[in-house]
Amino acid sequence: MRLSNPGGRWRTRAVLAASLLAAGGVAVVTIPGASAAECSDVEVVVARGTGEPGALGLIVGDPVFDAIQDRLGGAAVTSHAVDYPANLRRDSPTDGNQALVDHVTSQAQACAGQQFVLVGYSQGANVVGNSLGTSSDGALVGGPVVATIPDAIQDQVAAVLVFGYPLRKQGGGIEGAVAQRTLDLCADGDVICDPAGASIAAHLSYRANAGEAADFAVAQLSALA
């Protein structure tokens, strides 16, 4: 699969405090200090789980990104690790929510044709869901929505991949139009997401689902190409 050439279509620029998105003519305000990285065809944005090691997350983020890269061999694929504590503090998920929205908003403004794959594991799934407008307040390591990716930018979110999503313990899940582009994986018995689950081992098993998740993401990207 080959996506658009970022060098020809996209121009990296300094992100202004306010920008008008051509698609839909929606004004988007960027929080001062937010900056965009280099443009690419696809950026995989990952919110890791609580205390999860690894560049993007050893259990989910790293293997999923590697699998997506492998399947999109001819495309420019980059990654971004959401900068948040990923600990048990009450403000950790809300910090992640704000950081993810700030980054994707700035990146979308600078790279109008870029597509995003949002990935969240455990607490990181709460971060992703909150950023799309689904509150995880009341769920384990959850919190209220403090920022949402603007609707016009959500059109650039090609796929959402969540693993061990704590909100599922309460019967919830990502809502809205993006729900149709979401893969929500909860292993049988997972103590964090399965309402009847009690297994920590199941919650640590998602590395085995990296290929399945990458296949889903690539299918969503192909539908938009």
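The values are calculated or read from the model by the stated rules, or taken from the named source; none is laboratory data. Keep in mind that this is a model prediction, so the values were computed, not measured. Cβ coordinates were reconstructed from backbone atoms using ideal geometry, including for glycine residues, and neighbour counts include every protein chain displayed. Protein only, heavy atoms only, side chains kept; ligands, DNA and RNA dropped before computing areas. Shrake-Rupley method; radii C 1.70, N 1.55, O 1.52, S 1.80 Å.
Overview of results
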| item | result |
| --- | --- |
| Search result, residues across region 184-201 that are surrounded by 20 or more Cβ atoms within 10 Å (Cβ to Cβ) and in a strand (DSSP E or B) | 185, 190 |
| Any pair with Cβ under 8 angstrom, 6 or more apart, that starts in region 165-182 at a residue that is outside any loop (DSSP other than H, G, I, E, B) and ends at one that is crowded, with 17+ Cβ neighbours inside 10 Å and modelled with pLDDT under 95 | 177/154; 178/154 |
| Residue count, region 167-193 (criterion: in contact with a helix residue (DSSP H, G or I) (Cβ under 8 Å, 6 or more places away or on another chain) and basic (Lys, Arg)) | 1 |
| Conditions (1) surrounded by fewer than 18 Cβ atoms within 10 Å (Cβ to Cβ); (2) in contact with a helix residue (DSSP H, G or I) (Cβ under 8 Å, 6 or more places away or on another chain); number of the one not met by residue 164 | (1) |
| Leading residue by the ranking (nearest to residue 59 (Cα to Cα)) among those in region 117-155 that are part of a helix (DSSP H, G or I), aliphatic (A, V, I, L, M) and open to solvent by less than 10 Å² (accessible area, probe 1.4 Å) | 125 |
| Sole exception among (1) of a type outside the set (Phe, Trp, Tyr); (2) farther than 18 Å from residue 212 by Cα; (3) open to solvent by 10 Å² or more (accessible area, probe 1.4 Å) for residue 114, by number | (3) |
